[in-house]
Structures are given as structure tokens and as C-alpha cells.
Amino acid sequence: MAHRFLASTPLLRTSLSLTARARAAVPAQYANYVTASAVVMAGGKAKKAAPKIKAQSNSFRKKKGADDDKGESGSGGATRLNEKYYKPSVPVKVEEFLPSTATKEHVGQVLGFPSTVVPALAQTAYPTLLSEQFELIKPAALVVRDSTVSFLEKVDKAMKTPSAQSRIVLTGEAGSGKSALLLQTVSHCLSAGWIVIYVPKATTWMNSSFAYNKVANTTSFVQPLLASNLVGQIQNVNKSILDKITTSETATVGRHEVEKGTKLSALLEVGVKDQFAAQDVMELFMKEIGAQKDIPTLVAVDEVNSLFRPTQYLSQDGKELDPEHLKLSKLFLNYISGKSTFKHGAIVAATSDTLLANKSEVLEVTLGVKEVSPYKRLSQTILPWTQGLTSVEVPNYTREEAKGVFDYYKKANIFFDAASEPLFLNKFITSNGNPRKFFTACAKGI
Amino acid sequence: MLRSLTRLSGFSASRIGFQQPAVARISIASFHMGTRPNAVSVSTSTATSPSTPLPPPMAASIPKSDISTTTANATTAQGTDAGPVTGASSEQLGGEEEDKNTQDDAESAASGFAEFTPVSPEQARSLTQNPILSQLVNTIMKDGKKARAQRFVADALLEIRSRTQSDPYHVILDALELASPILKLTAIKKGSKVLQVPTPMTERQRRRKAIVWILEASDKRKGEKQLKDRLASEFLAVVNGNSGALVKKNQLHKMALANRANASLKY
């Protein structure tokens, strides 16, 4: 325990003995407190001081070098690496995933995110398990599936309709490609010039990782920092488009006055700079983009099941808060449930099976994914928010799609066996075509 | 055995502290048959790459399996030294990628169990079918938790791949070859004295020793919490030439040299 503490202090570089360093690291107020071990140490110190100094100071110096560079090249960093095995990483050549290439002819091809979209996607993190795959194979790319083509046709139809009519939730078994399909939708809409609000991990909104304050005289709570972060993300993703839209009237956001005709990007800037105004900025922003018809809006929420179950925040009575008590979540729930609407736009959400604790039984029952006994009492506070949602099931890979992915993995050197038909069949059948299991089977062989 | 030890002494006298190249390993076959393997030569190039393949331990006639012949590629190492036996085992890595030379195939095929368990090409790197990888998995396994051990090995292989952008299977093979000692010291009592006698080991025993040393060395790594990271770092350290496992191997070889006189004793 002590060595971990010492490793972080600048005392490392001195040539003091271990005991002297330990003494120096202890705060002054405790320095005079005599313990039995201190007495024993003082007695033995005279004998052991001399030989101990050199050994320990050497070991500390060596450790400092080893921590810096990679372990396999050894301490000091001067050891050569075996050139036979260390090769430069070559990104895989893939075509771009554009509205023109997301067609039936390209089903089974792996297409990368366009260069215009990648900086926008970099504003928010990728979904957890997908990001591990993207770190392994660069650049980030996803396969075009039958379900992609049909879903994007649906989203394109929703371009000219109110969002209350297109509230879709992607469901399916664990690892079947819901988050991936959502990512493709986000990329497609960004390329097509929509305003996109992408929330990759709605769980972080609910698991009490952000500070929350009670709003006076109400039962609601606000999360200032979270709202400010979200406002900043939206601004960075949609900067050029938001310059074209202006506010329709004067409004007050927090302590600030926003005049009529302010660009929406300037409005969001207010929320970025003042986190306590961010919630009001967000609400005004959503109202403004919903009121205009020129540019459609996409709200894409991943891990949406955490919006339909009690949060990990506590009220003043010590009870768990529902998502409707958090103002930012309630704002999004209004749009997801259809209580508020964009004049042109769509709401697409995806459930996540990553954490079992985040599953929402209410959502699953309402969408028809799960059946429970009719006598089971579902939460009456959460149930109304789930009405009117359409469920789209994301299936496992078809053989054609899996073959395309298999060839892509081979090109990306994820596995080094020969890409033969028996090997492909082995991986495809043992994983049942489940995308995540197929990746594990190819990459790890288990 | 004596001849092998003199080779070892002549070698290490001049190159103490360097990597022992593959040449220093004398196979058990030559010991039994009393001949010198003709493929052994001193490699003065990078000390970290094994040069020539070992002849197989037992030149018994093994029936060629139908499984390996049907799916074998034409580019496998058919033309290397020991014909039918190496052929059957090298086909397990048949269908190898374009840039791998035949030397690698034959080298990796010259392991103890390969000849006896014919494997189809798509199972060449399988954690369950490949004898070397399954031995690695079993050595890591504790309390019968095989799936956990398989996960560790699979994750370590992926970690090696992401750090080096090359085939992790060959890295592991190379590391195991480099870290495996060629003999062990058996203690025997001659009168009242305890003498250390250098005795040969089978391929599997050698490999196990290498695996155990690599695992022990990986446990000493600070800063990497997960076994997969430590294991990957350790395999790469062996291949790069600085690992505790290599130190242990060299120590054992030195002690064997010191006790080489006891090798001729009968017990």
C-alpha cells in the first residue's frame, strides 16, 4: 500500500532511504505520533540503514523507467524490438457509407463512416462494445445489412412527417446489432443534412454520475453539468446547420436574455458557458428546432431502457427518483412518448442488454418483446411513457452479410487462418450469426 | 548427450548473456539414435529467431489422415527434411497465408504432439485442437475452469496481435521455443552425496517448463492488472530478448554445464 502512495510523489527522485521517504510522506500533524512500529524501526534503523539504502533507491529508480514505456521492451527502453513481428498498422481500405451506397446492391459490404461524419461522431463516445471493435480495426466501419437498407428507407420517409408519428425502438437479442444500426442511422442522417442529437449512453444520465440539484417548489431535479455537456456536443456536431436557424422570439434562459433572431449555435454557446442555464437552453433549443420545417431532426438514444426504469438518484426522502423527475430526461421522454413533437423528424432509440441491472421490464412488455403474467403489477408511473412506440427487431446476420464481414475481418488481419469456406461455416454456425459472437469467434476463436 | 553438452559449453563460453539460438537445442531423436542432426548450424543473424526446424522425435510411420489431405493447400511445406511425418503435421497449418515461408510451417510443425493428432487447416489455431495452445490453456487453468483459461489465452493472443499487427500464434511458438530448456537436472544420491544429473526432457515437458516460467515472469509485472495484458507483454518480452523466463533458462543451462560430468553416470 505504501509503495503506491510513494510512487506518485516527487520524493521518488531523491536518494533518501525508504524509511526517510516514508517519514517525509506522512503529513506533519501525524509526525510526532509515536507508534510501536516506529520504536522498533528506530531501534533497527541503525543496523539496517547502510546496506538498505543502495538497494532500495536502485529499485525505485528502475521502476520509474519501466512504468513509462511498454513492458515488453523492458526497463530503460533501450532494448530493441524483434523486427520480425512488429509491423506498422495499415488501415483497411473501405468505401464510404453514404445515402447513395446504403442500397440493396451493397448488402454484405463493409462501409466506413464518411470523412465528414467522423468528426461529428467523435464528439460523443461510441457504444461501449462497438468501440472495442473500432479500436482493433481502423477505420471504423460497419456492414450494410438488409435491416439497414429497410430501416433507412423508413427513416427517409419520416423526413417529412412529425416526429410523433415515427418513434421507433430497435430491439433484438444481445449483440444482434442494435447500436450498430443506430450508428448507421446517425451517420446517414448527418450525411443527409439533418440535425442530429445522438446520445450513445443514456445510462450515464441515470446512474448518478452527474451532480443534481432540486428545483425550488417542484419535485423536479436538474443536472447542470450533464445538460451543459449535451449542449456542447450538439453544438459541435451540428455547427454549420444551426447557423441557419434563428430563434423566433425573445426568451430568458437562466440569467441570460436571448433576443429574437439569435442563431441557435449562439444560443447553445450560452448553455456551454453557463451550466446552470443549460437546461433552459436545451428546452428552448428543442422547441425552436421543432417549430421549423426546413431541416428535419433526428433524436437517437442508445441504452434507452434506462429511461424507463427508476434512476439511481435519490430524492430527499431517500426514495429512488423516476426519470420524469429529472428535467433533462423528462424533456427527452416527452419527445419519445409523443407528448412533444418536431414538425419534421424522427425519434430512434435502441435498447441495450449490456448491463442486466438496466433492463426495463415495462418497456419490454409494452413493446411485446417479453410476456409477463397479467397479474404482475407494472410501474404505473413509467407505463404511460411507453405508449405508442413501434418496435423494430434487428435480426442476426444472414449468410451473405456474415460472409462480407468475414472477408473484411480477414482483410483487417483479425484472424490469420486461411479464409476458407469450412472456417467461415465453423464461425457462422457456432455463433448462430449473432454479430457480437461472430466477432468473438473470428477474433478470439472461442 | 555428452556431445550436446560440449556444443552447449563451446557456445555459451563465447556468448554468455546472449540469446541461445535454436541451434543449441539438440533433439532427443539424435540422442537416442546416436547421430547428429544435419540441419543444425550456427546462426549469426538476429539471435531471437529460431533458424532451422528440428527433426521429429520419433520417425515412426503414422498413417496419413484423410482429413488433412482433402483440404490441404499445395503451398504447404512438403519438401522439407523428414517426409511423411512432417508432411502430416505441417498440413495442419496448411492453407497458410502468402508471405509465410515453408521454414515457419515446418518449424511450428516439429512439436511433440503434432504428428499424432491430425488437424484440419481451419483448426490450426484452435484453442481446443491445437496441441501447443491447448497445453498453454491447461497450464493456466486452475480448479478445472477451462473456459476462463481459454478466455485468457484468446485475449492475450488478441492483445499481441493489436500490439504487433502480426500473427500472434507464431509469436507464441517462437517465445515457447526460445524459453524452453533442453534438459532438466535430476538429483540422485551417490553414496552420501547428492549429485545433479542432466537428463533429457520430452517436447511436452520442455514446453511446459517454458510456459510455467513465462507465467511466473508475467506475475511479476507491475502496472498491468489483467492477466491477458501481462501474458501478452511477457510473450513479447521473450521474443524481444529480455524476460525472466530466458534468465531462468540460461541459469539452468549453466548449471547443466557445470554438472556435465555427471551425465555419464549410471543410476
Could you run the Karplus curve 6.51 cos²θ - 1.76 cosθ + 1.60 with θ = phi - 60° over the stretch A:194-203 and give me ³J(HN,Hα) per residue in whole Hz, x for Gly and Pro?
7, 8, 10, 10, 10, 10, x, 9, 5, 4
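Viscosity 1.567 mPa s, temperature 4 °C: give me the Stokes-Einstein translational D for the stretch A:187-273 in µm²/s, with Rh taken as the Kirkwood radius over C-alpha pairs. Let's see the in-between values first.
Details: Rh = 14.7 Å.
So the translational diffusion coefficient is about 88 µm²/s.
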If amide hydrogens are placed 1.01 Å from N in the peptide plane, which non-local residues have theirs closer than 5 Å to the one on A:THR311?
A:LEU321, A:ASP322
So what are the ³J(HN,Hα) numbers for the stretch B:215-225, from phi and the Karplus equation (6.51, -1.76, 1.60; θ = phi - 60°), rounded to whole Hz, Gly and Pro as x?
5, 5, 5, 5, 5, 7, 6, 9, x, 10, 7
Amide H neighbours of A:TYR198 under 5 Å, at least 5 residues apart or on other chains, H built in the peptide plane: list them.
A:ALA300
Cβ neighbours within 10 Å from other chains - mean over B:157-164:
5
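Which of the peptides A:162-174, A:182-194 is most tightly packed, and how do the rest follow, judged by the mean count of other Cβ atoms within 10 Å per residue?
Values: A:162-174: 20.0, A:182-194: 22.7.
The packing order, highest mean first, is A:182-194, A:162-174.
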Projected area, mean over directions - the stretch A:236-349, Cα convex hull, nm²
7.9 nm²
Between A:VAL369 and residues 5 or more places away or on another chain, the pairs with built amide H atoms under 5 Å apart involve none
For the stretch B:180-258 versus the stretch A:195-227, the gap between their alpha-carbon centres in whole angstrom:
56 Å
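Any read-out appearing in this document is the output of simple, stated calculations on the displayed coordinates, not a laboratory observation. Note that the structure is a prediction, hence the values are computed from the model and not measured. In this analysis, Cβ positions are derived from the backbone assuming ideal geometry, glycine residues included, and neighbour counts consider all displayed protein chains.
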